[in-house]
Each structure stands twice: as structure tokens, then as C-alpha cells.
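Before any comments, here is the structure.
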Amino acid sequence: VIKAGMVFERARAAAPRLSFYVPLALVSMALALLAVVPLVEQRRMATRLDELSHVIDPGRIATSEVQVAVALEAAGMRGYLLTEEERYAATHHQARSDRTRAYARLRELSTSLDPGHAAKIVALDALFQEADSLFDQFFAGQMTRDGFLSHLSSQQTRFIETMVLTNQLLHDLRDLAATRRNEVRQIQQTGSYLSMLGVLVALAAVVSVARMSAMHSALAASERVSREQAERAKAEAEQRREDAERIGASRTGLMRGFSHDVNNALGVADGHLFMLEQGVRT
């Protein structure tokens, strides 16, 4: 029983400290949730949005431009082979120039993509170099029309491979963009939930602080009552002391007067007795 009483007293003594640290912990948690968490979530969102706007979406646009340019390039070459009209050759050269610029942008973005996507972009470069080598030889007069037509089957194979690679790259980039947008939405939802949690924690901190303030007010009132009671007890004790001193002084005066009066009477009686012993009768 004694040990239980000691444990209870220690717990009761620690209660004020806990009542102080609990609101402090709640306030710190609320500040972390309402201030730090949004900054972290915003940074995560900014990273993904930056990747979308500066890498993935430009990569999709550049891939589409490459795909269209390759198709126009092939169409211009076929038209020139069939008609030998310069306008088809001009269409081929313009499409080749557009494809070169689009691929250059795509090659720059490949450093920010994963190795699988970068490998497909590099594979496109090898196909373009093989095709451009034949085109350059043909237009420079180093290869006859029949000689170029003998490579038409391999050109068609490279064209199909180019279309397959660009389609795969577009599909991959589209999936990657969808993944990043889903991550952004999840981050926004998580931020909303954490903000709501921060509001709830802040409300809990306000309630805890209010309870602690009420408890401190009650303790202050109790302390004030105890102080007033102590002051009244002190005043009463002082009054009793003064009364005791007054009663003691009165008693001392009474005893002094009584002893004086009795002493005189006893002295007279003792004198009469002495005279009677001496035989004085008058």
C-alpha cells in the first residue's frame, strides 16, 4: 500500500509537467504538418512537374516530329524516284532538315530519360545514318537510280524499324507522363490529408492549451485561497499571542496585588499573635 501510494504521488507530481509538454508537442506537430510538410510536398511536385514540362512532353513532341518528318522524307523520295521532279526532292530535303532538328532535341533530352528510352533514341540515330548515307550518295551523283532502287528493300525495312521505334518511344513517354501525373495527384491528396491532420492537431493543441490555462487558473485561485487562509491563520495566531500576553500581564498584576494585600494582612496578624504570646492583652 505504501509503495502504491508513493507511485501515485510521483504520478500526481509529474502530471503538471506532462500537461505542459503535451500541448508543446501538439503545437510542434501542427507547425510541422502545416509548414514543413507543404514545402516538402511542393518540392516533390515541382520535381515531377519539371520533368513533365521540360523532358517528357518535349520528348513526345520531338518524337512525333521525327515520325512525321521521316514519313514526309520517304514520300518525297518516292515522288522524286517516280517523277524526278525537283519539288519532291525539295520536300525530301526539307523533311530531312526538320527531322534532324527534331532528333537533335530528342537526343538532348535522352540524358534526362532512363537508359531504356535513351537506347531507343540511339538506335534511331543508327538507322538515320544508314539511310542518310544512301540519300547523300544518290543526290551527289555517286549512285545511279537503279543502284539506289536496289537498296529500296533495306530502306523500307529501316523505315518500318524507325516507325516501330518511334511508336514504342511515344508509348513509353505517354505511360511515363501518366505515371508522373498520377504521382502529382497522389502528392496533392497526401498534402491535403496532412494539412487536415495538421488542422486537427492544431485544434487539439488549442483545446489542450485551454485546459491547461483553466487548470493553471484553478491552481492560482487555490493558491490565492490558501494564501488568504494562511494570512488569516497568521493574524489569528498573532491575536492569540497578544491576548495571551495581555492575560499573562493581567495575571501577573493580579498576583502582585494579591500578594501585597495578603502580605499586609498576614503581617498584621503575625504582629498580633506575637503580642498575644508576650502577654499583651490590650
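Against the condition in contact (Cβ under 8 Å) with a residue 60 or more places away in the chain and surrounded by fewer than 17 Cβ atoms within 10 Å (Cβ to Cβ), how does Arg181 come out, does it pass?
Values: in contact (Cβ under 8 Å) with a residue 60 or more places away in the chain: yes; surrounded by fewer than 17 Cβ atoms within 10 Å (Cβ to Cβ): yes.
Yes, satisfied.
Could we say that Ala249 is of a type outside the set (Ser, Thr, Tyr), under 60 Å from the mean Cα position of the chain (by Cα) and either within 29 Å of Ser28 (Cβ to Cβ) or in a helix (DSSP H, G or I) (or both) here?
Values: of a type outside the set (Ser, Thr, Tyr): yes; under 60 Å from the mean Cα position of the chain (by Cα): no; either within 29 Å of Ser28 (Cβ to Cβ) or in a helix (DSSP H, G or I) (or both): yes.
Judged against the criteria, Ala249 is not a match.
Taking Gly59 and the conditions (1) closer than 30 Å to Glu183 by Cα; (2) free of Cβ contacts under 8 Å to residues at least 40 places away in the same chain; (3) not acidic (Asp, Glu), which numbered condition does it fall short on, given that it satisfies the others?
Condition (2) is where Gly59 drops out.
Would you be able to tell me the number of residues in segment 104-116 that are open to solvent by 20 Å² or more (accessible area, probe 1.4 Å) and assigned to a helix (DSSP H, G or I)? Give the steps one after another, and end with the answer.
At the first step, the residues of segment 104-116 found to be open to solvent by 20 Å² or more (accessible area, probe 1.4 Å) are 104-105, 107-109, 111-116.
Filter again for assigned to a helix (DSSP H, G or I), leaving 104-105, 107-109, 111-112, 115-116.
Total satisfying the criteria: 9.
Looking for whichever is at pLDDT below 90 and either charged (D, E, K, R) or farther than 21 Å from Val55 by Cα (or both) here; the options are Arg145, Arg96, Arg101. Which one fits? Show your work before the answer.
Numbers: Arg96 fails: at pLDDT below 90; Arg101 fails: at pLDDT below 90.
Answer to the check: Arg145.
Scan (1) of a type in the set (A, V, I, L, M); (2) surrounded by 13 or more Cβ atoms within 10 Å (Cβ to Cβ); (3) closer than 30 Å to Thr47 by Cβ for the single condition Met212 breaks and write down its number.
The number of the failed condition is (3).
Six or more apart or on different chains, Cβ under 7 Å: which pairs go from a residue in segment 90-103 that's more than 17 Å from Thr63 (Cβ to Cβ) to one that's open to solvent by less than 60 Å² (accessible area, probe 1.4 Å) and of a type in the set (A, V, I, L, M)? Could you list them?
His92/Met77
Among the residues of segment 149-178, what is the count of those that are farther than 24 Å from Phe135 by Cβ and open to solvent by less than 60 Å² (accessible area, probe 1.4 Å)?
So the count comes out to 6.
Is one or more of the residues making up segment 227-236 open to solvent by less than 100 Å² (accessible area, probe 1.4 Å), at pLDDT below 80 and of a type in the set (S, T, N, Q)?
Among the residues of segment 227-236, not one is open to solvent by less than 100 Å² (accessible area, probe 1.4 Å), at pLDDT below 80 and of a type in the set (S, T, N, Q), which makes the answer no.
Which condition does Val199 not pass, out of (1) among the aliphatic types (A, V, I, L, M); (2) in contact (Cβ under 8 Å) with a residue 40 or more places away in the chain; (3) closer than 30 Å to Arg60 by Cβ, if it passes all the others?
(3)
Looking at this structure, is Ile187 under 20 Å from Leu49 (Cα atoms) and crowded, with 17+ Cβ neighbours inside 10 Å?
Taking the combined requirement at face value, the residue satisfies it.
What about Leu39, is it open to solvent by 60 Å² or more (accessible area, probe 1.4 Å) and more than 53 Å from the chain's Cα centre (by Cα)?
In short, no.
Output the residues belonging to segment 42-78 that are over 30 Å from Leu194 (Cα atoms) and either in contact with an Asp or Glu (Cβ under 7 Å, 6 or more places away or on another chain) or open to solvent by 80 Å² or more (accessible area, probe 1.4 Å) (or both).
Passing the criteria: Ile61, Glu65, Val68, Ala69, Leu72, Arg78.
Quick one: is Asp261 within 30 Å of Met45 (Cα to Cα) and acidic (Asp, Glu)?
Considered against the rule, which asks whether it is within 30 Å of Met45 (Cα to Cα) and acidic (Asp, Glu), Asp261 comes out as no.
The values are calculated or read from the model by the stated rules, or taken from the named source; none is laboratory data. Bear in mind that the values here come from a model prediction, so they are computed numbers and not experimental data. We place every Cβ from the backbone using ideal geometry, glycine too, and count neighbours over all the protein chains shown. Side chains are part of the model used for accessible areas, which takes the heavy atoms of the whole protein and leaves out ligands, DNA and RNA. Shrake-Rupley method; radii C 1.70, N 1.55, O 1.52, S 1.80 Å.
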